[in-house]
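Here, each number is a calculation from the coordinates, and none is a lab measurement. The structure displayed is predicted, hence computed values, not measured ones. Note that we place each Cβ from the backbone using ideal geometry, even for glycine, and neighbour counts take in every protein chain shown.
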Amino acid sequence: MNQRNLYLTGFILLKLVLQYLLIDPGYDLHRDEFLHLNQAHHLAWGYISVPPVTSWFSYLIYLLGNTEFWVKFFPALFGALTIVLVWKAIERLGGNIYAQSLAAICLIFSALARLNILFQPNSFDILAWTFVFFCLLCHIQTDKNKWLYWLGIGIGFGFLNKYNIAFQVLGLLPALWISKRKVFKKPHFYGAFIVAFVIALPNLIWQWQNDLPVIWHMRMLSQYQLVNVDRLDFLTEQFFFFFGSGFVLILGLISYFTYLPFRKYQPFFWSTVFTLSIFTYFRAKGYYAIGLYPIHFAFGAIYISRLLQKSWGKHLKPIAMLIPIGLFILSAPMTYPIGDPTYLKEVKSQLPNLMENRWEDGESHDLPQDFADMLGWKELAAKVDLVYSKAPQGEYTIIICDNYGQAGAINFYTKTKGLQAVTMNADYVNWIDLSQEIKNVILIREAEDIVSEREISLFEKSEKIGTITDPDAREFGTSIHLLIGAKTDINAILTSEIGEKKAELNMVN
């Protein structure tokens, strides 16, 4: 193994190990992770909220034992592969091992670490964006058409992972028109997009057959989440994603105009400008744009390595590497769940202006929303197992939850064989099995939601068994109710409610 590959292997291992160290063992999985994990049992070419790629990895996790270790492994792996692409980009650009090491450090000790702790489409999304840019770099460098087709493959699979990659394409096209217009004269350029279309086609067909749920999902995001996003905050957040290595990123952007060998790569600069403009207009969440940045570190690291070749710069080389690491360590208590909630709240009390903890509701809370979404789930599953054991044996008992986090957490953490929770929320509305006659119901209700008198009247007996007692959990106060002895046809009622829910989705579309 040569020196470069040895260094690369070391950085990959560092990346993988670091991702596990950034999560205190007292936290559960995140509510969104549960939904994606349940998709493994309902494989399809699309879902209400996401395309299918995440479900493929969910199925692989299921085959590997469905443990938290593997849930955390894959986003860490995608982050490591992103580093590999940047490493190889530097190699193709003629950068030395110092430039490669600097870029790897900048990416390892950055906001990528925050995204890579969660099993969501975001980690693969950043990998896909970086792959597309890497293929464009190779095409500009070699003028070989095969790289256009690889670019198309990257866009296609990126689309099957998360529709967010469409914004990369929207920013890339005008960027190419400004600085590489001749590419539009190449038939292979259009062939690449045909390849991307063919790869994405199964999901597009699924969307059409299911009345375009992506439109409903985007409207819900716009109405309940993106409405609370301030355009100025979006732009401000871009700086903090790589604040420890921002000097490398900025020099990378400058190098497209000041370093002669890099001028032909200006599409990367203009793509960033156009894509950020589009995201700003639509009030996107800040992290949607992170995929724009890894490729710039290839150029910035090379540019710095050449600047520091001079005698006055040799002593600055280790400092450039230590800055991202040092600032990452200082900021870690504010940005990662490395300590329990009590520790994080102490940090917030000491640094209230640096740890605002603004949630999607637009309000500030004691903990970051992601961390509050990683608490209370094991408690819920354990209490549901206990309640389930109290239900009459030999009769079918269904567990109905208010949201997908509750249902997915119960299904993941339950100790009761064969137990499956459902909800009318998200994709679960298409997964409810009513093949057995329902005699008893366990209702999981959010704190502000009560069991109505009508629901109670449908059963012989009703009892509130318990609640989630962890005050730091976003689900704090969620209650568990046992309803025994159905006096009417519960299957028919649920069938009607499922129909109404699906009709609501279609009406919104």
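Data for the structure
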item	result
Förster radius 60 Å - calculated FRET efficiency between Lys461 and Phe197, Cβ distance, rounded to 0.05	0.60
Where labels lie 7 Å past Cα in the beta-carbon direction, separation of Lys415 and Leu316 in nm	6.0
Label-point gap, in nm, between Gln350 and Lys502 - each point 7 angstrom along Cα→Cβ	5.5
Reachable lysines, given that their alpha-carbon falls under 26 Å from the alpha-carbon of Lys345 and they are not under 8 places away in the same chain	Lys72, Lys285, Lys378
Cβ crowding within 10 Å averaged over residues, with 205-211, 299-305, 144-150, 28-34 ranked highest first	299-305, 28-34, 144-150, 205-211
Cβ charges +1 (Lys, Arg) and -1 (Asp, Glu), total dipole of region 332-411, debye	240
Cβ-derived FRET efficiency at R0 41 Å, Lys186 paired with Gln209, nearest 0.05	0.75
Simple label model, 7 Å out from Cα along Cβ direction - Asp489 to Thr236, nm	5.8
Per-peptide average of other Cβ atoms within 10 Å, ordering 8-18, 314-324 highest first	8-18, 314-324
Around Val248: net Lys/Arg minus Asp/Glu count, Cβ-Cβ under 14 Å	+2
For region 404-409, Karplus couplings with θ = phi - 60° (6.51, -1.76, 1.60), whole Hz, Gly/Pro x	5, x, 4, 4, x, 5
Two-site FRET efficiency, Asn145 against Trp177, from Cβ-Cβ distance with R₀ of 25 Å, rounded to 0.05	0.85
Nearest-20 debye value, region 377-508 charge dipole, Cβ charges on Lys, Arg, Asp, Glu	400
Greater than 25 Å apart at Cα, pairs in Lys439/Lys464; Lys162/Lys417; Lys146/Lys182	Lys162/Lys417
Anisotropy class of region 377-508 from Cα gyration tensor, a/c 1.5 cut	rounded
Under 20 Å from Lys501, Cα to Cα: aspartates and glutamates that are on another chain or at least 8 residues apart	Asp211, Asp402, Asp427, Asp433, Glu446, Asp449, Glu455, Asp489
Peptide ranges 438-448, 273-283 listed from the most packed, as the mean C-beta count within 10 angstrom indicates	438-448, 273-283
Estimated dipole of the chain in Debye, rounded to 20 [Cβ of Lys and Arg +1, of Asp and Glu -1, Cα centre]	3260
